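*Asks:* Structure provided below as structure tokens; questions to follow.
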Amino acid sequence: MNTEQFRVAAKAAIDEIANYHDSVPEHRVVSAVEPGYLRPLLPASAPLDGEPWEAIQSDIQSKILPGITHWASPGFMAFFPCSSSYPAAIAEMYSNAFNGAHFNWICSPAVTELETIVMDWLAQALGLPECFLSGGPTHGGGVIHGSASEAILTVMVAARDKYINEATAHLPEGEDKEEETWRLRSKLVALGSAGAHSSTKKAAQVLGVRFATVPVSQDNGFSMTGEALTKTLDELRAKGLEPFYLTATLGTTDVCAVDDFASIASALASRAGKPGEIWVHVDAAYAGAALLLDENKPLAEPMAAFHSFNFNPHKWMLTTFDCSAVWVRHRGHLIAALSIKPPYLRNQYSDNELVTDYRDWQIPLGRRFRSLKLWFVLRSYGIRGLQAHIRNGVSLGESLEEKLVSREDLFSVFTRARFGLVTFRVKGNGEEEVNRRTERLYEAVNASGRFYLTSTVVNGHFAIRVCTGTAAVREEHVRGLFELLVETVEKQLKE
Ligand SMILES: *Cc1c(COP(=O)(O)O)cnc(C)c1O
């Protein structure tokens, strides 16, 4: 494809993409294809000779679209949203144009410098404590990763090395120190609440450290407390284990619970800043975007006692996948754990303090130009525009909760609407009947193709989760969902 052909093809593709966006609400939300649908539609091997662009493009409609689940649909209320916007889409085009691996500052100075600046903008917009700013007192700063799972694994590596280095600092270099390092490694435990996302457990699995959960209960809204944490830590230490890392969550995946950051900070205060302290990471992958709203800003204050924080602008902040924003309080800990300097990566800029080489803040070497889409989104919407978008999701969750409460004869709210997520169950006699009825309703609603919901099981309770954070969702869609829920459950109860 030459430049002239590119101009024509790319303009046509943009028209097609714009039409797709306009027509999303008309599609069934979840793809209805059967597993393996694609193989019979495609040749058994790649073409030997290049094909004309028209042949390739027409396969988007005929072969790919049927296998797409429409995350931008107003009927998409499953999982958490994965939002897109036109400014982010345009940024991705420019990012592709300036394609490169961008691991060092000199690989494209704008890529690094824009990232540092927009991550400071974003930290301020969320009201994160000053320690997370690149110019803050503790030499912190932000970096963009591809996913929350990657962010959690990365900070856990830094936490592990910090813990072991501090615990063995009194030993002189030599075999004894080496032995003690490996002994400690076999005792390390990473922690998360029972509601923490599975990515913390997975990171522990990848790192080869133990994983333990701190129990949570329905009585305090599934929020991890300092008291429960202390109890778990005491039990682990009594067994000779070395807890070194904790994921605290702002907006758990199941029910959007928020851990009790203040009591967690006081539970850990006696060792804070000393060798043996526990690295606390706040995982706010979805609900972190809600810190844009002023009434949620107080949630960020206790984080001044913690070590790192992440949220995914690609979930609820209109920035296309992938974009996971991570901040650390001391960038030195990340760099100490992840910096490798073979001669071919050295250059006149990297060996001084003047520049940031983000390769030392992440696991991969190469990196995309992701800050461009954050920059475009922040500037196109402004903080006020983003606040309006978040508020829409929050209010619609509350609106659905009200509707569910108005039919107390049919439904019970399991966890109240928070950050655009509400969970509920169908009424019945006894746990077993409630679980069965709720699951039956859930399956019927998803089978309709009009809406896509997910379910969860918390402490044995089956509940339907509805997330109203997708940008296209409006009151009429929430009303439509509610009417379908009532109609379906009434029909099922009559049978
Ligand atoms: C979505 C989510 C994750 C996982 O996010 P990825 O970016 O897909 O790894 C982790 N934690 C929480 C709280 C989430 O909501």
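The values are calculated or read from the model by the stated rules, or taken from the named source; none is laboratory data. These figures come from a predicted structure and were not determined experimentally. All Cβ positions, glycine included, derive from the backbone under ideal geometry; neighbour counts span all protein chains shown.
*Asks:* Any residue at all in segment 170-183 that's surrounded by fewer than 20 Cβ atoms within 10 Å (Cβ to Cβ), among the basic types (Lys, Arg) and either within 13 Å of the ligand (Cβ to nearest atom) or free of Cβ contacts under 8 Å to residues at least 40 places away in the same chain (or both)?
*Replies:* Among the residues of segment 170-183, at least one is surrounded by fewer than 20 Cβ atoms within 10 Å (Cβ to Cβ), among the basic types (Lys, Arg) and either within 13 Å of the ligand (Cβ to nearest atom) or free of Cβ contacts under 8 Å to residues at least 40 places away in the same chain (or both), which makes the answer yes.
*Asks:* Where in segment 140-217 are the strands (runs of 3 or more DSSP E), entirely inside, with at least 1 residues that are out of contact with any helix residue (DSSP H, G or I) (no Cβ under 7 Å at 6 or more places or on another chain), over 18 Å from Ile335 (Cα atoms) and polar (S, T, N, Q)?
*Replies:* 188-193, 210-214
*Asks:* Still on this structure, I have one more. For residues that are touching a residue at least 12 places away in the same chain (Cβ under 8 Å) and more than 16 Å from the ligand (Cβ to nearest atom), tally how many sit in segment 234-259.
*Replies:* Of the residues in that region, 6 qualify.
*Asks:* Tell me which of these Ile60 doesn't satisfy, since it passes every other one: (1) surrounded by fewer than 21 Cβ atoms within 10 Å (Cβ to Cβ); (2) over 26 Å from Ala46 (Cβ atoms).
*Replies:* In the conditions (1) surrounded by fewer than 21 Cβ atoms within 10 Å (Cβ to Cβ); (2) over 26 Å from Ala46 (Cβ atoms), Ile60 misses (2) alone.
*Asks:* What about Tyr442, is it touching a His at 6+ places or on another chain (Cβ under 9 Å), surrounded by 15 or more Cβ atoms within 10 Å (Cβ to Cβ) and within 25 Å of Gly393 (Cα to Cα)?
*Replies:* Here the answer is no, as Tyr442 does not meet what is asked.
*Asks:* Can I ask one more? For segment 148-171, does any single residue satisfy the condition of being within 27 Å of Gln387 (Cβ to Cβ) and polar (S, T, N, Q)?
*Replies:* Within segment 148-171 (the criterion being within 27 Å of Gln387 (Cβ to Cβ) and polar (S, T, N, Q)), the answer is no, since none of the residues qualifies.
*Asks:* Among the residues of segment 303-310, is any within 15 Å of the ligand (Cβ to nearest atom), among the small types (Gly, Ala, Ser) and modelled with pLDDT of 95 or more?
*Replies:* Within segment 303-310, one or more residues are within 15 Å of the ligand (Cβ to nearest atom), among the small types (Gly, Ala, Ser) and modelled with pLDDT of 95 or more.
*Asks:* Tally the residues that are touching a strand residue (DSSP E or B) at 6+ places or on another chain (Cβ under 6 Å) and either modelled with pLDDT under 95 or part of a helix (DSSP H, G or I) (or both), restricting the search to segment 399-424.
*Replies:* The qualifying residues number 3.
*Asks:* Filter segment 233-288 down to residues that are hydroxyl-bearing (Ser, Thr, Tyr), over 26 Å from Gly460 (Cβ atoms) and out of contact with any helix residue (DSSP H, G or I) (no Cβ under 6 Å at 6 or more places or on another chain), then give me how many there are.
*Replies:* Residues in segment 233-288 being hydroxyl-bearing (Ser, Thr, Tyr), over 26 Å from Gly460 (Cβ atoms) and out of contact with any helix residue (DSSP H, G or I) (no Cβ under 6 Å at 6 or more places or on another chain): 1 in total.
*Asks:* Within segment 35-53, take every residue that is assigned to a helix (DSSP H, G or I) and surrounded by 10 or more Cβ atoms within 10 Å (Cβ to Cβ) and give me the one that is modelled with the lowest pLDDT.
*Replies:* The qualifying residue modelled with the lowest pLDDT is Trp53.
*Asks:* With respect to the numbered conditions (1) free of Cβ contacts under 8 Å to residues at least 12 places away in the same chain; (2) within 15 Å of the ligand (Cβ to nearest atom), which one is the sole condition not fulfilled by Ser186?
*Replies:* All conditions pass for Ser186, except number (2).
*Asks:* Write out, first by first residue and then by second, each pair whose Cβ atoms fall under 7 Å of each other, whose residues are 6+ apart or on separate chains, and whose first residue, in segment 86-103, is more than 14 Å from Phe321 (Cα to Cα) while the second is part of a helix (DSSP H, G or I) and modelled with pLDDT under 95.
*Replies:* These pairs meet every condition: Gly100/Cys107; Ala101/Cys107; Phe103/Arg359.
*Asks:* So which of Ala151, Ala123 is in contact with a Leu (Cβ under 6 Å, 6 or more places away or on another chain) and buried (at least 24 other Cβ atoms within 10 Å of the Cβ)?
*Replies:* Ala123
*Asks:* Which of (1) touching a residue at least 60 places away in the same chain (Cβ under 8 Å); (2) within 16 Å of the ligand (Cβ to nearest atom) does Ala336 not meet, given it meets every other one?
*Replies:* (2)
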